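Structure first, commentary second.
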Amino acid sequence: MPNLERDSGDHKLALPTPDRNEPMRRRDLLAAMAAGLLWLPGSAGSRRRRRRAAWEFRLDARQRWSLVPREGPGAIAAAEVAVVLEGQEATTLGDLENVRRFELAPPRGGSAGWQVIGTVAGVEVTAQFLDGPPPLITVTARGLAAERTLTEIRFLDSRSARVAALAGGARNAGSPRRPRLWINGYESSSDCRVVAGDGAGETTSHWQLAVLPPGQATPGHPATRGLALSFGVEDAGAGRFEIAGGIVATSLFGRRPVGMALAPASASLTIVPDDDPLAALGRLAGVAPPPRKIPSGWSSRHAVTAGATEADLLSNLDAARRRFDTQAFRVFQLDDGFQRSAGDWDTNDRFPHGHRWLTDRIHGAGFQAGLWLAPFAVAERSGIPTAHPEWLLQTPDGEPLVAALREGWGGRIYGLDAAQAEVQDFLRELARHAVSSWGYDYLRLDALHLGAAGTRRGRPVNAAEAYRSGLRALREGAGRAFILGCEAPLQHAVGLVDAMRASPDVEADFARFVPAARASLLRAHLNGTAWVNDADAVLVGESLTEDEARTWASVVALSGGMALASENLDRLPDERLAILKRIMPVAPVRGRALDIAAPDWTGVQKDGAPAWLLARVQDDWWMLAATNWDDVPQQLALSLSDHGIRGPLAAYDVWEGVRRDDVQGRLALSLPPHATTVLSLRRPRRTPFVLGSTRHLVQGVMDLEDERWDGRRRLLSARAVLLDDRPYEVTIALPAGFRPAAARCEPDASITVDIAERGAARLRIARPPGAELNWSVQF
């Protein structure tokens, strides 16, 4: 088939054209039409449609790809896609046999692009480059004859290609404007961090990678966009970015068979040049809106020991009923320790009345009932390994894979092979039984990494596909119940869980909060997009100082993720209980760490825990937390104007309940070790306005509604909601010339208003008459 070359700007594009003596193969034509209409080479209509996309792919004669904008410098140039079959070297698209390329037309406003088809060793390889938005590469390997083994598909190797977001850092390694890389751990409890992007050091990011822009333009150094890269959640391979002198983006397939009688294997990579690549990664992960009410409440995990009894749970249930409002405290979850063994999830002798009896009492107290399970784990004591040895994952040698030795779980722990239909039925029925028969509303599914471990000889799929099949079966069985995933490989869980642990486990030790805070804050872009983030248990007990307890509560509250306390509620002192009440229910915010937006940030305290956390609550209202993660006092400074927030701003110290000096754009705070200051920042007005209250840590969106100023009557009024049995105070900013004269509330209650500190009045209701009231202050 002869080629017609057409100049496309940066590259000469070799396009196939029909030949009288060699008609286009019917299968090639159908493959091209499956993604879009085939363009006639060089047609004016095709060129007009391709200019729609903000970014478009271009291929050279060797099928190397570049991503270029409508105008300006390209993001990536001369990158190669390669396929690796077991026993062979990597085969690039340009080295395929019988390679053919088609230009694709967008059907009714869809995505234009290119499709390349060829073969290697009896395997047909199809690579599709769609301009988007967003730009997407999908590669599929389909066996045409005898079975072959696919090991990986490589999408990008920046050591041979040019990546603009990395180029400046490589040339200016000593510059403060070098790029940085956001690195994602493999599973939910893995760490997450930011590293220098100048080629020094080796590390691996899983599923997603962000090349963070190196800061604002300076003379001689124009600003460079960042880059978001994300593998697909339905991929048959596990996406990985190897960082060692560059970026190598590869989808790993293990030993995935492909053949005429087997399903093809596909992987995809989305590439988005963006000034805020983490936000772009969040958009790429978005599959469904988060639940309207994010879980808050209690878990037995840290609150009681491994030998917990039914009586321990009932004691905490009674304390939760007495000490919390069910509007704020919604879930009561039973954690590890109730089961006979992993795989036999009925209650043991310490819980003699069984699951249904327990959930009836939890529901009767006004809460939702939650349960911990490790669904992919089966212990030898459960009897399943003996009854169904064919269900078990194996080592490469064909022996049963022993994942752990845990006496509390029943001895040797094996993993289930979720690639099998019978195992999927078992998982589906387990979830269905827990919800429908036992009565649980919420499932915490733990040790999910076991579903992606091991293999079995002869199975037609790999570990990633088996894991996603198992999760899908659990999701189907659970129905509308809320699912939290823990110790879960992240990429293939998207769309199948409602929430995901976003950090390593915490303990009642401040040192364990640091990596948890780092990971959960650096994964903030996934909160409310892929799922609801869970930063792990809220711990505020007396083994922590009050500053330490407030710090962890602040991170959890401003992150906007789940908030399940795990303290013995019957013994928790009132002052620590008050900390829990300040963060429940979960506020509708999505805080983000500001540190990583600063040039060259790779961690300033305690190996990279972000010191500044910002959440916007209204158009003119922000929450800002500053944390000293160090063991010695620290002076922290921040320029809010660098983040698009200009002063002056009225400031309220939420934990201390007092007005601070206005912030003019730059803020400096002195903090003791392990302490956090949380500020409510609001744009000043010419008339009195609410600056903060004592009900919730997050201001402006929880207890305050319908704030109004009546200029004729000089009256400020609002509605307070979600009140509990604590005294309620509201701090009101006073512009010059205003003094409070009187206050009232409905329903009637004892209410006072006085001048507090400079420029502020304080309204106080000693005992709110109910969960809601209307108040007003005359000036």
Number of positions in the range 747-769 that are over 25 Å from residue 651 (Cα atoms), among the small types (Gly, Ala, Ser) and open to solvent by less than 30 Å² (accessible area, probe 1.4 Å) = 1
query = Looking at the range 208-221, is at least one residue open to solvent by less than 40 Å² (accessible area, probe 1.4 Å), at pLDDT 85 or above, under 30 Å from residue 147 (Cα atoms) and under 21 Å from the mean Cα position of the chain (by Cα)?
reply = no
note = Heads up, the strands (runs of 3 or more DSSP E) in the range 383-464 (entirely inside) with at least 1 residues that are open to solvent by 30 Å² or more (accessible area, probe 1.4 Å) are 402-406, 411-415
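Have a look at 475, 501, 468 and point out the one that is modelled with pLDDT of 95 or more and surrounded by fewer than 22 Cβ atoms within 10 Å (Cβ to Cβ). Can you show your working first?
Values: 501 fails: surrounded by fewer than 22 Cβ atoms within 10 Å (Cβ to Cβ); 468 fails: surrounded by fewer than 22 Cβ atoms within 10 Å (Cβ to Cβ).
Just a single option satisfies the conditions, and that option is 475.
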ask   = Of the conditions (1) of a type outside the set (Phe, Trp, Tyr); (2) more than 20 Å from residue 557 (Cα to Cα); (3) in a helix (DSSP H, G or I), residue 320 fails just one. Which one is it?
value = (2)
task = Among the numbered conditions (1) under 30 Å from the mean Cα position of the chain (by Cα); (2) modelled with pLDDT of 95 or more; (3) over 24 Å from residue 294 (Cα atoms), tell me where residue 367 comes up short.
result = (3)
Residues of the range 606-656 satisfying the condition of being outside any strand (DSSP E or B), closer than 15 Å to residue 677 by Cβ and open to solvent by 10 Å² or more (accessible area, probe 1.4 Å) = 630, 633, 655, 656
task = Among the residues of the range 535-558, write down those that are open to solvent by less than 10 Å² (accessible area, probe 1.4 Å) and outside any loop (DSSP other than H, G, I, E, B).
result = 538, 549, 551, 552, 553, 554, 555, 556, 557, 558
task = State whether the residues of the range 120-129 include one that is out of contact with any Lys or Arg (no Cβ under 8 Å at 6 or more places or on another chain), assigned to a strand (DSSP E or B), modelled with pLDDT of 95 or more and hydroxyl-bearing (Ser, Thr, Tyr).
result = no
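Can you name the residue in the range 748-776 that is part of a loop (DSSP other than H, G, I, E, B) and among the hydrophobic types (A, V, I, L, M, F, W, C) and is also farthest from residue 704 (Cα to Cα) among such residues?
First, pick out the residues of the range 748-776 that are part of a loop (DSSP other than H, G, I, E, B): 748-750, 756-759, 766-772.
Now restrict to residues that are among the hydrophobic types (A, V, I, L, M, F, W, C): 749, 756, 766, 771.
Numbers: 749: 18, 756: 20, 766: 17, 771: 12 Å.
Checked the range 748-776; the qualifying residue farthest from residue 704 (Cα to Cα) is 756.
Given the structure, is residue 496 within 27 Å of residue 300 (Cβ to Cβ), assigned to a loop (DSSP other than H, G, I, E, B) and within 18 Å of the chain's Cα centre (by Cα)? Even if it seems obvious, please write down each step before you answer.
Values: within 27 Å of residue 300 (Cβ to Cβ): yes; assigned to a loop (DSSP other than H, G, I, E, B): yes; within 18 Å of the chain's Cα centre (by Cα): yes.
It is true that residue 496 is within 27 Å of residue 300 (Cβ to Cβ), assigned to a loop (DSSP other than H, G, I, E, B) and within 18 Å of the chain's Cα centre (by Cα).
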note = Subset of the range 729-746, residues in a loop (DSSP other than H, G, I, E, B) and open to solvent by less than 70 Å² (accessible area, probe 1.4 Å), comes to 734, 735, 738, 740
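Restricting to the range 362-382, what's the tally of residues that are open to solvent by 40 Å² or more (accessible area, probe 1.4 Å) and part of a loop (DSSP other than H, G, I, E, B)?
Kept after step one, since they are open to solvent by 40 Å² or more (accessible area, probe 1.4 Å), are these residues of the range 362-382: 363-364, 366, 368, 380-381.
Within this subset, residues satisfying the condition of being part of a loop (DSSP other than H, G, I, E, B) are 366.
Result for the range 362-382: 1.
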task = Search the range 245-268 for residues that are crowded, with 18+ Cβ neighbours inside 10 Å and pair each with any residue that is of a type in the set (Ser, Thr, Tyr) when their beta-carbon atoms are under 6 Å apart and the residues are at least 6 apart or on different chains.
result = 247/158; 253/151; 257/149; 266/140; 267/251; 268/138
remark   = The residue from 726, 714 that alone is within 43 Å of the chain's Cα centre (by Cα) and either of a type in the set (A, V, I, L, M) or open to solvent by 30 Å² or more (accessible area, probe 1.4 Å) (or both) is 726
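The values are calculated or read from the model by the stated rules, or taken from the named source; none is laboratory data. Computed from a predicted model, the values in this text were never measured in an experiment. In this analysis, Cβ positions are derived from the backbone assuming ideal geometry, glycine residues included, and neighbour counts consider all displayed protein chains. Please note that ligands, DNA and RNA were not included when accessible areas were found on the heavy atoms of the full protein model with its side chains. Shrake-Rupley method; radii C 1.70, N 1.55, O 1.52, S 1.80 Å.
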